[in-house]
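Structure, as structure tokens:
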There are 2 protein chains.
Amino acid sequence: MRILVTGAGGFIGKAAVRALTAAGHEVCGIYRKAPPAGAAASVVVADLEDRRQVAAILRDVRPDVILHLAWSVEHGKFWTSPDNLDCVTWTLALARAAAEAGCRRFVGVGTCFEYEFPASGDCDEFTTPVGPRTLYGAAKDACRRCLETYFRDAGLSFAWARVFYPYGPGEHPDRLVPSLAAKLAAGEPALLSSGRMVADFIHVDDVAGALAALCASDVSGPVNVGTGQGVAVAEIARRLAEIAGRPDLLRIGALPDREGEPVRVVGSVHRLTREVKFKPRISLTDGIAAYFR
Amino acid sequence: MRILVTGAGGFIGKAAVRALTAAGHEVCGIYRKAPPAGAAASVVVADLEDRRQVAAILRDVRPDVILHLAWSVEHGKFWTSPDNLDCVTWTLALARAAAEAGCRRFVGVGTCFEYEFPASGDCDEFTTPVGPRTLYGAAKDACRRCLETYFRDAGLSFAWARVFYPYGPGEHPDRLVPSLAAKLAAGEPALLSSGRMVADFIHVDDVAGALAALCASDVSGPVNVGTGQGVAVAEIARRLAEIAGRPDLLRIGALPDREGEPVRVVGSVHRLTREVKFKPRISLTDGIAAYFR
């Protein structure tokens with residue numbers, strides 16, 4: 001299949017290009033800037049804000065499937081950035097261009113932060129209420145709602161991946177796992193909140209594998225992309241410190257818990273495993289060990 | 001107060017400009033084409049798709065409040081038109097420009113078609129689930145969701161009017177009330193479905209009055225704009241035929257019911273009457289009688 005990937009140069013995008021290429025697809029990547037090493041076989045440098053250019057690219061590439069990953073995710077700012085509104089705009093323009101160019105399937109990428117997190121249990125695609133607290137979550141959810149109806153009317157197949165807590169190579173260095181790993185590797189104290197929050201951490205290569213399988217499937221609607229396993233943040237920190245051989249550097253509870261932080265963010269993976277038929281392969285232990293190699 | 005009205009030349013827009021002006025506000029209207037007779041005191045002709053122009057207008061006008069009515073509502077097409085996606089884009093860009101220009105309050109205009117209509121009872125802003133069946137409803141709802149979070153973060157006051165079944169002068173001639181009235185006035189048979197559907201018809205001048213009151217209030221979140229009274233479509237047709245003195249021309253049941261049409265679309269008006277303190281003034285009998293003057 002010919003698959004067009006937006007945001008191909010991003011954290012998940014790079015891994016997705018690799019996974020789709022490995023699965024034998026003809027991959028065209030849209031990059032905002034010059035493409036990195038290991039870019040897609042076919043490369044387009046474009047600004048998704050330019051809807052005429054986007055429409056021209058789609059007419060030219062004629063993809064069977066679009067995997068839309070591009071979003072504004074500046075670390076520390078993306079939760080509330082007004083740029084989220086522009087991301088909605090690009091996404092809707094891309095969707096319209098996709099339908100007009102005769103594309104068959106569109107896979108959008110959302111987030112677990114669309115859910116109103118339950119106090120216990122897992123987030124289910126159909127029974128857990130949607131209720132984002134942030135503009136990031138609201139903007140992603142708004143896209144899903146528009147696209148679900150638009151593509152239904154236009155006769156395109158549509159799925160919406162809700163990605164849980166991705167980690168792995170290429171992640172922003174200030175995010176949880178790499179920042180703790182860097183402190184421990186440098187022999188500096190690693191400061192943490194209570195670390196009670198339980199989250200569904202999934203390796204970026206498994207996110208990419210899941211998205212590749214979702215692109216090739218006909219599964220429609222929202223699909224959680226997680227492992228189905230919750231791990232407390234403090235437990236990850238302990239494992240990292242153990243691998244680093246420096247449990248003495250760990251300062252659990254040294255930082256305050258973030259106000260309003262959810263207690264548990266774990267995705268039910270029934271749809272991913274049974275319908276998309278994808279199972280995550282990389283254990284958390286193996287995934288985080290890679291930070292010290 | 002200085003109030004900027006988008007879609008000022010539209011069916012509801014014209015009435016809103018009159019109501020806001022009558023309430024003593026300084027009204028600036030944005031018109032897509034040359035403004036009609038009875039336009040706002042201050043007039044701007046602009047295309048909301050041009051976000052730079054929109055930002056410049058807002059910086060220039062510096063409104064206290066924006067009443068955003070502009071939307072693509074081509075009769076018979078707007079339910080499913082892809083233009084709904086572009087309307088989301090304009091709306092988000094306008095919202096961002098409003099916050100950046102120091103606007104204090106934003107009143108967006110949605111629709112009762114955002115609701116998942118209950119089989120009985122009235123649609124309530126907080127207890128009736130949202131579940132639009134059409135792209136029009138989904139796009140309006142997506143805007144509300146994004147703007148609610150965006151304006152919360154930006155510190156602007158935000159309300160979202162859900163308008164029920166507006167009718168009255170300036171309405172598209174092919175819509176229910178004017179088309180039946182025209183047939184009856186011309187002495188031609190007036191064909192109708194079973195007319196069992198019960199809807200909340202509200203005169204456009206009452207819609208405008210409600211929106212003007214909402215602009216001047218500090219009420220936030222979704223607010224139904226209806227009368228709280230349901231009337232069967234067949235009953236309206238009977239009253240029209242009676243006023244026209246031609247009950248013999250009425251053919252109730254001559255047309256099939258529309259598939260998937262809701263049974264009852266009536267809005268709870270607790271918020272409108274108690275919080276916004278607006279009560280509709282024009283009875284359905286008076287409102288439809290005007291079609292024969």
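The values are calculated or read from the model by the stated rules, or taken from the named source; none is laboratory data. Only a predicted model underlies this, so the values are computations on that prediction, with no experimental measurement involved. Positions of Cβ are backbone-derived with ideal geometry, glycine not excepted, and every protein chain shown enters the neighbour counts. For the accessible areas, the whole protein counts, side chains as well, though only heavy atoms, and no ligand, DNA or RNA atoms are used. Shrake-Rupley method; radii C 1.70, N 1.55, O 1.52, S 1.80 Å.
Structure summary
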{"item": "Count of residues meeting criterion [within 12 Å of another protein chain (Cβ to nearest Cβ) and among the polar types (S, T, N, Q)] in region B:136-169", "result": "1"}
{"item": "So residue B:77, is it touching a strand residue (DSSP E or B) at 6+ places or on another chain (Cβ under 9 Å) and either of a type in the set (Val, Ile, Thr) or farther than 21 Å from residue A:82 by Cβ (or both)", "result": "no"}
{"item": "Test result for residue B:269, in contact with a strand residue (DSSP E or B) (Cβ under 8 Å, 6 or more places away or on another chain), of a type in the set (Val, Ile, Thr) and surrounded by 13 or more Cβ atoms within 10 Å (Cβ to Cβ)", "result": "yes"}
{"item": "Those residues of region A:264-285 which are touching a residue at least 24 places away in the same chain (Cβ under 8 Å) and farther than 14 Å from residue A:229 by Cα, in sequence order", "result": "A:271, A:275, A:276, A:277, A:278"}
{"item": "Some residue of region B:75-91 being more than 9 Å from every other protein chain (Cβ to nearest Cβ), under 16 Å from residue B:161 (Cβ atoms) and either touching a residue at least 60 places away in the same chain (Cβ under 8 Å) or open to solvent by 50 Å² or more (accessible area, probe 1.4 Å) (or both)", "result": "no"}
{"item": "Residue match in region B:176-190 (condition: under 20 Å from residue B:242 (Cα atoms), surrounded by fewer than 18 Cβ atoms within 10 Å (Cβ to Cβ) and of a type in the set (S, T, N, Q))", "result": "yes"}
{"item": "When residues of region A:15-67 are limited to those that are aliphatic (A, V, I, L, M) and open to solvent by 70 Å² or more (accessible area, probe 1.4 Å), the one nearest to the chain's Cα centre (by Cα)", "result": "A:22"}
{"item": "Residue list for region B:227-272, restricted to those being more than 30 Å from residue B:217 (Cβ to Cβ), of a type in the set (Lys, Arg) and touching a Pro at 6+ places or on another chain (Cβ under 9 Å)", "result": "B:238, B:251"}
{"item": "Unmet criterion (only one of (1) crowded, with 19+ Cβ neighbours inside 10 Å; (2) over 21 Å from residue B:115 (Cα atoms); (3) away from chain A (no Cβ under 14 Å)) for residue B:172", "result": "(1)"}
{"item": "Hits in region A:23-56 - residues which are touching a residue at least 40 places away in the same chain (Cβ under 8 Å) and not acidic (Asp, Glu)", "result": "A:23, A:25, A:30, A:48, A:51, A:54, A:55"}
{"item": "Residues that are surrounded by fewer than 20 Cβ atoms within 10 Å (Cβ to Cβ) and among the charged types (D, E, K, R), drawn from region A:97-108", "result": "A:100, A:104"}
{"item": "Pick from region A:109-120, criterion surrounded by 13 or more Cβ atoms within 10 Å (Cβ to Cβ) and in a loop (DSSP other than H, G, I, E, B), ranking: modelled with the lowest pLDDT", "result": "A:118"}
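Residue-by-condition table, conditions (1) farther than 16 Å from residue A:166 by Cα; (2) of a type in the set (Lys, Arg); (3) modelled with pLDDT under 95:
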residue	(1), (2), (3)
A:229	no, no, no
A:232	no, no, no
A:249	yes, no, no
A:261	yes, no, yes
A:268	no, no, no
